[in-house]
1. Amide H neighbours of Tyr153 under 5 Å, counting only residues 5+ apart in sequence or on other chains, H built in-plane at 1.01 Å?
2. Using amide H atoms built 1.01 Å from N in the peptide plane, name the residues 5+ places from Val159, or on other chains, whose amide H lies under 5 Å from its own.
3. Order of 216-226, 162-172 by packing, highest average Cβ count within 10 Å first?
4. So for Arg128, Arg69, what's the accessible-area order with a 1.4 Å probe, most first?
5. Given the peptides 110-117, 52-59, arrange them by the average over their residues of other C-beta atoms within 10 Å, most packed first.
6. Contact order normalised by length for the chain, with contacts defined as Cα pairs under 8 Å and 6 or more residues apart; what percent is it?
7. What accessible surface, in Å², does a 1.4 Å probe find on His118, ignoring ligands, DNA and RNA and rounding to the nearest 10?
8. Peptides 153-159, 182-188: what's the order by average Cβ count within 10 Å, highest mean first?
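The values are calculated or read from the model by the stated rules, or taken from the named source; none is laboratory data. Since we're looking at a predicted model, the values are computed, not measured. Note: ideal-geometry Cβ built from the backbone for every residue, glycine included; neighbour counts use all protein chains shown. Note: accessible area is taken over every heavy atom of the protein model, side chains too, but ligands, DNA and RNA are not part of it. Shrake-Rupley method; radii C 1.70, N 1.55, O 1.52, S 1.80 Å.
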Amino acid sequence: MHLHSTIARLRSASRVAVLTGAGVSAESGIPTFRDAQTGLWRKFDPLQLATAEAFARNPKLVWEWYEWRRELCRDKQPNPGHIALAEMATLFSDFTLITQNIDGLHQRAGSREVIELHGNLERDKCARENIVVDRAQARARDGMFACPRCGAYLRPDVVWFGETLPQESLDRAFRAAMQCDAFLAVGTSALVEPAASLPRVAKQAGAFVVEINPDETPLSPLADAVVRAKSGDALPALLAALREENK
Ligand code: OAD
């Protein structure tokens, strides 16, 4: 579909939902999971690092891997893609930003009320009670932290493989997908459920679905428009075009 008609469709939408994945943070210098050369899951085994079983088996290894990622994200900055999404929110009466990312860069770019489907690296929770705990209140234990109430190790408040997503976030995300006029899928391989179902649900409910991704994904054939570009280029261009038409 021609860019002009894509803009026109977006322009006529009042309810917009956006799903982002690791690709939106790639230009900030944060590695994605599945890109051929640089993806984290090319070098690390998710079964050893991103499951409750792995944490039970070797808590220190899992903890340190997440500490490494936390440090990695901390000195990175939002890129023009994150910033364009924060600004795009002001153009629509209803704008829902849903992310699979745990790096907090959307918030740092100024987006509010971000639905974080997979948690956030900056938070910890008690591995037994599943309650968020502030590190400053926790006890040190074995080079990690222990819950001040029950003594169990703290773990990052992120969603691991085999775990369910936070129910309220999930409900809000699916509601937004079902009710939106336009849905943007940005920088996600659209392989991990249930997030991968969001654009499909939106499409079935009649939304205009746009994919922004330099590479083909399983979502591509279903999308009404595909922008084969990096999000740090495509989103600011889209924002500028939407503003142009708004004049
Ligand atoms: P993936 O690594 O699976 O996919 C990243 C996508 O971003 C790919 O389709 C790339 O083509 C695309 N991409 C790369 N650079 C880009 C750029 N500059 N602009 C736009 N797109 C770009 O990451 P996710 O789809 O986020 O979950 O992965 C989903 C989930 O799988 C993650 O949340 C994580 C992972 O395992 C958990 O850890 C639970």
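1. Ala127, Cys147
2. Sorted by chain and number, the residues that satisfy this are Gly119.
3. Details: 216-226: 16.6, 162-172: 13.4.
Order by mean packing, descending: 216-226, 162-172.
4. Details: Arg128 160, Arg69 20 Å².
Result, largest first: Arg128, Arg69.
5. Numbers: 110-117: 18.0, 52-59: 15.0.
The packing order, highest mean first, is 110-117, 52-59.
6. On the way: 441 pairs, mean separation 58.9, N = 247.
Once divided by the residue count of the chain, the mean separation gives 24 percent.
7. Its accessible surface works out to 30 Å², give or take rounding.
8. Sorting 153-159, 182-188 by mean packing, highest first, produces 182-188, 153-159.
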